[in-house]
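Contents: one structure, followed by commentary.
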Amino acid sequence: MNFTYASHIEQWLAQLQRLRQVNRCDGPEFFKPYHLATLAHVLRTTGIDELSLPAAIGDYADTMNLWGALDIPSPFGPKHRQTEGRYHPIQLLRDENLIDETAEALTSLFRSVCNNASTLDAVQTMLRELIGNCFAHAAVRDGLYGIVCAQVWNGGRKAQVALCDSGIGIRASLSQNAALLDRLRHANSCELAMEYGVTSKPRRGHSGYGLTVARDLMLQNQGMLYLRSGSEAYRMCRGVCGKTNVSIGWEGTLLVIEWDLDRAVDLTAVYERFPLPEGMSDDDFDFA
Amino acid sequence: MTTSTSHEPDRGARETVIGAEALHVDIADIASNVTTRPVGAAARRQLLALLEQHHVIRIDFRDRSLTPSFADECLGQLAARLGLGAFKQRVQLKNLTESSKPLVKHVVLTRCSAAAA
């Protein structure tokens with residue numbers, strides 16, 4: 001099983017733009033969590049009373065709680081969804097008190113296919129940080145801070161988490177930091193957001209760790225990461241990074257992370273590579 | 001890397017540390033999670049209040065992995081407030097996971113450096 005191509009995500013987002021305009025679009029041959037998270041995001045924004053999907057993907061969409069996420073009745077009727085399995089159905093992020101519980105549920109997906117303790121610890125901590133960032137940075141007005149869903153493909157030895165929010169977007173968020181304004185004139189904001197120490201809220205004590213940790217873990221894993229906000233995107237796959245400006249904008253922010261279940265990751269190595277401030281050394285603070 | 005297995009269940013205990021009584025603080029008693037900045041900030045305020053009454057405190061993290069945001073808000077900014085020397089003398093950190101140790105070192109040194117600048 002190959003990693004998701006950035007071009008496939010961009011083609012899908014273009015289809016969603018078409019959906020906004022003409023109320024219909026072409027679906028992909030193979031649905032993944034990012035398709036459903038973004039579809040739910042768009043349909044919640046536009047507001048709908050009814051949704052028709054091709055029969056071939058309707059059952060999967062129902063398993064992933066698409067109708068539930070839209071607050072409309074599912075044509076498949078009520079369904080009992082097991083929290084531990086191959087899927088984490090679409091979940092609306094409304095309550096900051098449920099961050100840990102959500103991250104644990106997502107991590108539990110991987111326990112059945114991965115028994116490496118450091119990997120599980122890294123995945124869970126990364127997800128807690130990223131979901132927490134939705135609440136800290138999305139600056140939404142409707143109380144919906146984000147949408148998350150995930151899937152594990154044990155046969156393909158891959159896992160994907162898709163996280164999107166309808167907030168102000170990365171460029172607008174980083175523009176709150178006056179020290180970044182000059183760089184933002186020329187830089188891709190999604191690429192900038194990946195840098196260590198880049199944050200929108202330095203005066204409110206924020207430090208900009210979340211996306212850096214996600215990027216560094218995916219680099220260790222030789223996995224895939226895609227970040228899209230507005231018309232800007234950053235992608236990394238098997239250690240190869242790139243940025244793009246696309247013609248179609250995306251309201252809010254979309255993060256897709258896909259990793260190789262057979263490659264362990266370790267947060268310790270990520271943190272040890274964070275730079276120490278000038279004049280400080282490891283000897284200035286230790287746990288001996 | 002695995003998490004530490006040397007958990008020390010000494011909740012409520014006090015011990016003598018270089019002539020000062022260390023107050024044992026269970027992180028679960030001051031923080032509902034070790035994830036978000038708001039919870040980290042509230043925990044930091046409680047720790048500062050405890051440090052007004054006790055010379056040394058000993059925080060037991062119960063082998064829970066801290067997120068960077070929580071570590072920075074709670075411990076990094078606590079260290080910046082106290083100063084690095086006082087933080088090392090007065091705040092003991094117990095049962096941190098192995099992955100949290102380099103994170104805590106980073107946030108403490110980074111915040112102290114910024115505060116001193």
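Summary of values
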| quantity | calculated |
| --- | --- |
| Some residue of region A:21-43 being of a type outside the set (D, E, K, R), farther than 27 Å from A:Cys241 by Cβ, open to solvent by less than 50 Å² (accessible area, probe 1.4 Å) and at pLDDT below 85 | no |
| Matching residues, region B:19-37, being modelled with pLDDT of 95 or more and in a helix (DSSP H, G or I) | B:Ile27, B:Ala28, B:Asp29, B:Ile30 |
| Pairs, first at the interface with chain A (Cβ under 9 Å from one of its Cβ atoms) in region B:82-110, second buried (at least 21 other Cβ atoms within 10 Å of the Cβ) and assigned to a strand (DSSP E or B), C-beta under 7 Å, six or more apart | B:Leu93/B:Ile59 |
| Conditions (1) without any contact (Cβ under 8 Å) to a residue 12 or more places away in the chain; (2) assigned to a loop (DSSP other than H, G, I, E, B): number failed by A:Ala56 | (2) |
| Test for A:Ser173: is it under 21 Å from A:Val42 (Cβ atoms), modelled with pLDDT under 90 and touching a helix residue (DSSP H, G or I) at 6+ places or on another chain (Cβ under 8 Å) | yes |
| Hey, A:Asp62 more than 19 Å from the chain's Cα centre (by Cα) and open to solvent by 60 Å² or more (accessible area, probe 1.4 Å) or not | no |
| Residue match in region B:40-62 (condition: within 11 Å of chain A (Cβ to nearest Cβ) and outside any helix (DSSP H, G or I)) | no |
| Matching residues in region B:66-96 - criterion: being part of a loop (DSSP other than H, G, I, E, B), surrounded by fewer than 23 Cβ atoms within 10 Å (Cβ to Cβ) and of a type in the set (S, T, N, Q) | B:Asn95 |
| Filtered residue count, region B:50-65, keeping only those that are open to solvent by less than 10 Å² (accessible area, probe 1.4 Å) and either acidic (Asp, Glu) or at pLDDT below 95 (or both) | 1 |
| Members of region A:265-278 found to be more than 7 Å from chain B (Cβ to nearest Cβ) and open to solvent by 60 Å² or more (accessible area, probe 1.4 Å), listed by number | A:Arg273, A:Pro275, A:Glu278 |
| Criterion: in contact with a strand residue (DSSP E or B) (Cβ under 8 Å, 6 or more places away or on another chain) and not β-branched (Val, Ile, Thr) - qualifying residue of A:Asn116, A:Asn65, A:Asn97 | A:Asn65 |
| B:His7, sole failed condition from (1) open to solvent by less than 30 Å² (accessible area, probe 1.4 Å); (2) modelled with pLDDT under 95 | (1) |
| Selection count, region B:63-81, where residues are within 8 Å of another protein chain (Cβ to nearest Cβ) and touching a residue at least 60 places away in the same chain (Cβ under 8 Å) | 1 |
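The values are calculated or read from the model by the stated rules, or taken from the named source; none is laboratory data. Everything quoted here is computed from the prediction, not taken from an experiment. Here Cβ is always computed from backbone atoms with ideal geometry, including for glycine, and neighbour counts include all displayed protein chains. Only protein heavy atoms, including side chains, enter the accessible area calculation; ligands, DNA and RNA are left aside. Shrake-Rupley method; radii C 1.70, N 1.55, O 1.52, S 1.80 Å.
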